[in-house]
Amino acid sequence: MFDGLSLYGRYVAASIRSQMQYRASFIMLTLGHLVATGTEFLALWALFERFGHIAGWTLPEVALFYGLASVSFAISEGVARGFDMFAPMVKRGDFDRILLRPRSTILQIGASEVQLMRIGRFGQGLIVLLWSASALNVTWTLARILLLLWTLCCGAALFSGLFVLQATSAFWTTESLEVWNTLTYGGVETAKFPLSLYEDWFRKFFTYIIPLAAVTYFPALAILDKTDPLGTSRLFQSAIPLGGMVFLGVALLLWQVGVRHYHSTGS
Amino acid sequence: MPQIVVQDLCKTFRVAERDPGAWGAIKGLFHRRYRHTSALDHISFSIEPGELVGYIGPNGAGKSTTVKVLAGILVPDSGVCQVMGRTPWKQRIPHVSQIGVVFGQRTQLWWDLPVIESFELLRAIYRVPAPVYRHNVEEMVALLGLGELLDTPVRQLSLGQRMRCDLAAALLHRPALLYLDEPTIGLDAVSKLAVRQFVKRLNKERGVTVMLTTHDMDDVEALCRRILLINRGKILLDGTVADLRAQVSRLRRLVVVLREEKDWIETDEARVIGRQGPQVTLEFDPERISAPDLIHHLTSAYGVRDLYVENLPIEEIVAEVYQGAGM
């Protein structure tokens, strides 16, 4: 376990050094990310400036959803981005090389494309989250802080799970399918707003199938100490983020099935 | 005890067939027809520790499928495969930590990093103890002349330099067994020689078992005592280079350089197959006339400046074996 982590650290360091070979491009991309995501939040701010609140939600409240979704997505992009880039890897036959090395495929792929420029999204999400935390009328007890951190971890697990599932499908299709981008990139956009705003079927989909609400909406309610218009209990809201971990677990099991399929077809 | 045992290995691939054109692609989405191709058809062989075996055959013969099975990447449909007592695909991690693989077409180094940093990463991946690693790097640097390459990013290396670094990378964990897939493809003459010399030394001095797939018959002649010739998923020949020659034809060649050009040169036992100025190439059957007799006959009848006996190029022999087997 420790050995695996240290290898992971080495991969990350190598990946960062590789990117530093193209320093100018790195700086431009990071700034670009920060500006792009920053403008997005500005638009949200302008909306609330005009209307005050939307369906009973204030800007600092929505900023909490926004921050949770952005930060956990940025973490998952950091640790599982290799899975996002997996389809071309299979196509090039580079997965063979992974199998030829005496380490777990998950570790090798997860660590293979750590992108430092994602720090732009992470930074912006964190700023929004911290602003929201100070602007909200909430006392930050230890329990609340722990729930927040726990939610971020589970959120990162959920998004990583989506990347893993996307990669797993590439064992069969070899092409990367656009539908996965609607779930990952579309998912993070969806999760930036309170679930109660959406249609019922849409809510169900993002609660039970892809449990995005489990790592944003429900725990955020517990943090905000707000009654759920959908009527869930506090206990449920604090425990449900675990769904993100379960989702990742299932995704990793399916990944193993995919690897076995690859072993028998070689493509 | 053999290091590699392969018995009755079979592997069939299912390839989706598609009608040509856009309509075919759409039809393919709903209804797929499959064609089954047999990549390995009851392959059997065994390799002892310290052997250097050439695994040759035309494109699509089943070479890389075999290597993939031996490396643990591919699971066969049936048959036995044991490498150092293990079934590769069942014990992937212990298996791959004891083998080295080099693909001529693909590097396993990190593209944007200096070579030495790739080595460091591989050290961590294979858990090579630091003193062993240092010793191995020093040895590889000396044997392959990597000195000034270590700090160069891989993308800036020439193909020959890259191949030397890849060889070193595959050996840092001291594998007992090395698979080389087209290690000299695209290399210039000097690099080819360097790679061959290195592989030969590695095999001789360290006793590393080497299995070499190649299209370059000079590689085979220079390195391999034993050849496995495969086509259409079947082993056609398992033997020495001499066995391969014997299987095709006994005919030998004699190249004669005459003192002056002659319009005509003929003997009963030999046939002229080539003529270039004063240089004439004759083909003869050593069972009908021995080389000394033929030489004696020629030197007494014509003014001869130089002569030498030539072997049939191995490419031609292989081509004949393929043809002989109806390919």
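The values are calculated or read from the model by the stated rules, or taken from the named source; none is laboratory data. Here the structure is a predicted model, which is why all the values come from computation and not from measurement. Note: ideal-geometry Cβ built from the backbone for every residue, glycine included; neighbour counts use all protein chains shown. Just the protein is used for accessible areas: all its heavy atoms, side chains included, with ligands, DNA and RNA removed. Shrake-Rupley method; radii C 1.70, N 1.55, O 1.52, S 1.80 Å.
On a straight-distance basis, which aspartates and glutamates could pair with B:LYS262 in a cross-link, Cα separation under 18 angstrom, same-chain partners fewer than 8 positions away excluded? List returned: B:GLU283, B:ASP306. In this rough spin-label picture, where each label sits 7 Å from Cα along the Cβ direction, the B:ARG288-A:PHE51 distance is 9.9 nm. If R0 is 41 Å, what FRET efficiency do you get for B:LEU159 and B:ASP268 from their C-beta distance, rounded to 0.05? That gives a FRET efficiency of 0.20.
Ranked by the mean number of other Cβ atoms within 10 Å of their residues, highest first, the peptides B:190-203, A:158-171, A:184-197, B:134-147 fall in the order A:158-171, A:184-197, B:190-203, B:134-147.
Just so you know, the Cα atoms of region A:2-260 work out to an Rg and Dmax of 18.9, 58 Å. Relative to the longest principal axis of the C-alpha atoms of chain B, give the angle of the C-alpha long axis of helix B:21-30, reported between 0 and 90° and rounded to the nearest 10°. Value to nearest ten degrees: 50. A simple count of charges around B:PRO313, restricted to other residues whose Cβ falls under 10 Å of its Cβ and scoring Lys, Arg +1 and Asp, Glu -1, yields -4. Within the shell of other residues whose beta carbon sits under 15 angstrom from the beta carbon of A:ALA156, the net charge comes to +1, with Lys and Arg scored +1 and Asp and Glu -1. Between helix A:242-265 and chain A there is an angle of about 20 degrees, using the helix long axis and the longest principal axis of the Cα atoms. Across B:HIS42, A:HIS263, the residue with the most accessible area heads the list, and the full order at a 1.4 Å probe is B:HIS42, A:HIS263. Residues A:ASP94, B:ASP306, ordered by accessible area of protein heavy atoms at a 1.4 angstrom probe radius and largest first, appear as B:ASP306, A:ASP94.
Scalar couplings 3J(HN,Hα) for region B:211-224, obtained by applying the Karplus form with A = 6.51, B = -1.76, C = 1.60 to θ = phi - 60°, are 10, 10, 9, 7, 9, 8, 5, 5, 4, 5, 4, 6, 10, 9 Hz; x denotes Gly and Pro.
The mean number of Cβ atoms from other chains found within 10 Å of a Cβ in peptide B:71-78 is 4, as a whole number.
Each peptide in B:72-79, B:178-185 gets a packing score, the mean of other Cβ atoms within 10 Å over its residues, and the list from highest to lowest is B:178-185, B:72-79.
Partners of A:LYS91 within straight-line reach, counting aspartates and glutamates whose Cα lies under 16 Å from its Cα and excluding those fewer than 8 residues away in the same chain: A:GLU175. Residues in region A:229-267, backbone N under 12 Å from the label point at B:ARG14 (7 Å along the Cα-to-beta-carbon vector): list them, ranges by number please. Under 12 Å, as judged by backbone N against the label point of B:ARG14, lie A:265 of region A:229-267. Buried between A and B is an accessible area of approximately 2600 Å², summed over both sides with a 1.4 Å probe. Pairs of lysines in region B:1-153 whose Cα atoms sit within less than 25 Å of one another amount to 5, provided the residues are eight or more positions apart or on different chains.
Taking chain A as the reference, fit the longest principal axis to its C-alpha atoms, fit the long axis of helix A:119-135 to the helix C-alpha atoms, and give the angle between the two in degrees, 0 to 90, nearest 10. Taking the Cα atoms of chain A, the angle to A:119-135 is about 20 degrees.
Across B:VAL5, B:VAL255, A:VAL257, the residue with the most accessible area heads the list, and the full order at a 1.4 Å probe is A:VAL257, B:VAL5, B:VAL255.
The mean number of partner chain beta-carbon atoms within 10 angstrom of a residue's beta-carbon across peptide A:203-216 is 0. Dividing the convex hull volume of the alpha-carbon atoms in the protein assembly as shown by its residue count gives 221 Å³ per residue.
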